[in-house]
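**Q** This is the structure, below, for whatever I ask next.
The values are calculated or read from the model by the stated rules, or taken from the named source; none is laboratory data. In this text, all values refer to a predicted model and were calculated from it rather than measured experimentally. Please note: Cβ atoms are built from the backbone with ideal geometry, for glycine as well, and neighbour counts cover all protein chains shown.
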Amino acid sequence: MPQHYMQKDNIGVILVEMGLDLTDANFTDTPERWLKYLAHYLQAYDPKKDLGVTFEFTGGDVYNHAMIVQVGIPYRAICAHHLLPVLGAAHVGYIPDDCVVGLSKLSRLIYGITHMRPSLQEDVCESITYALEEHLHPLGAMCVISAEHGCMAARGVEEASGCIQTVTSSIKGVFIDKHEARAEFYRLIGVANA
């Protein structure tokens, strides 16, 4: 992000125009805290950092496959439309062809992609499966994210917290054509067969 956008004085001007008194102890450090919050979700990330080191896999094909699935990876992001928090869980899986990646790398992938920039949940799903395809060349990859959006809970329709979960998915490779593979993924993440 260009440095001139990252100045707390700019945020202070907005808060003063909103009628807040920045000499009030509650607001004195608010501009800096808000910038730190945004900067936390503006980190450079290259998926190759986490998916670039793979291990040989010799155990499967489309009909006799192994599936690697991680369930409930914490999903923390901010939405591109309102810069409000989006909180939930990501469920990610792939069917390896000839290589696998260390298990911790899947949660690092989620963290890295969600902390690159404010984004749409739909785009995050696609970015995750795209990165898996690009770096692991699996037979198939899937991502399902279920999250509560701050913009719905705190503004707009002001739904009660915890009531509405937005669920998005991205499906690649054999998961598209092979219902049984997709059904197994949904079973493993605890979702009724779709």
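**Q** Restricting attention to the range 126-134, does a residue exist that is in a loop (DSSP other than H, G, I, E, B) and either under 17 Å from Lys48 (Cβ atoms) or more than 9 Å from the chain's Cα centre (by Cα) (or both)? Full working, then the answer.
**A** Taking the range 126-134 first, the residues in a loop (DSSP other than H, G, I, E, B) are none.
No; the residues of the range 126-134 include none that is in a loop (DSSP other than H, G, I, E, B) and either under 17 Å from Lys48 (Cβ atoms) or more than 9 Å from the chain's Cα centre (by Cα) (or both).
**Q** For the range 165-182, which residues satisfy the criterion of being without any contact (Cβ under 8 Å) to a residue 24 or more places away in the chain and closer than 23 Å to Tyr75 by Cα?
**A** Within the range 165-182, just Val167 meets the criteria.
**Q** Would you say Asp50 is part of a loop (DSSP other than H, G, I, E, B), at pLDDT 95 or above and over 30 Å from Met152 (Cβ atoms)?
**A** Working: part of a loop (DSSP other than H, G, I, E, B): no; at pLDDT 95 or above: yes; over 30 Å from Met152 (Cβ atoms): yes.
No; evaluated as a whole, the condition is false for this residue.
**Q** Taking Thr28 and the conditions (1) more than 24 Å from the chain's Cα centre (by Cα); (2) among the polar types (S, T, N, Q); (3) at pLDDT 90 or above, which numbered condition does it fall short on, given that it satisfies the others?
**A** Looking at each condition in turn, Thr28 falls short on (3).
**Q** Closer than 18 Å to Tyr45 by Cα, aromatic (Phe, Trp, Tyr) and assigned to a strand (DSSP E or B): is that true of Tyr111 in this structure? Spell out the reasoning first.
**A** Details: closer than 18 Å to Tyr45 by Cα: yes; aromatic (Phe, Trp, Tyr): yes; assigned to a strand (DSSP E or B): no.
It is false that Tyr111 is closer than 18 Å to Tyr45 by Cα, aromatic (Phe, Trp, Tyr) and assigned to a strand (DSSP E or B).
**Q** Would you confirm whether any residue within the range 68-91 is at positive phi and surrounded by fewer than 18 Cβ atoms within 10 Å (Cβ to Cβ)?
**A** Yes, the range 68-91 contains at least one residue that is at positive phi and surrounded by fewer than 18 Cβ atoms within 10 Å (Cβ to Cβ).
**Q** Just wondering, is there one or more residues in the range 74-96 that are in a strand (DSSP E or B), under 20 Å from Ile176 (Cβ atoms), in contact with a His (Cβ under 6 Å, 6 or more places away or on another chain) and assigned by TED's automatic domain parsing to the domain that holds Gly173?
**A** Residues of the range 74-96 in a strand (DSSP E or B): 74-79, 85-95.
Applying the additional criterion that residues be under 20 Å from Ile176 (Cβ atoms) yields 90-95.
Narrowing the set further to residues that are in contact with a His (Cβ under 6 Å, 6 or more places away or on another chain) leaves 95.
So of that shortlist, the ones also assigned by TED's automatic domain parsing to the domain that holds Gly173 come out as 95.
Yes, that holds for at least one residue.
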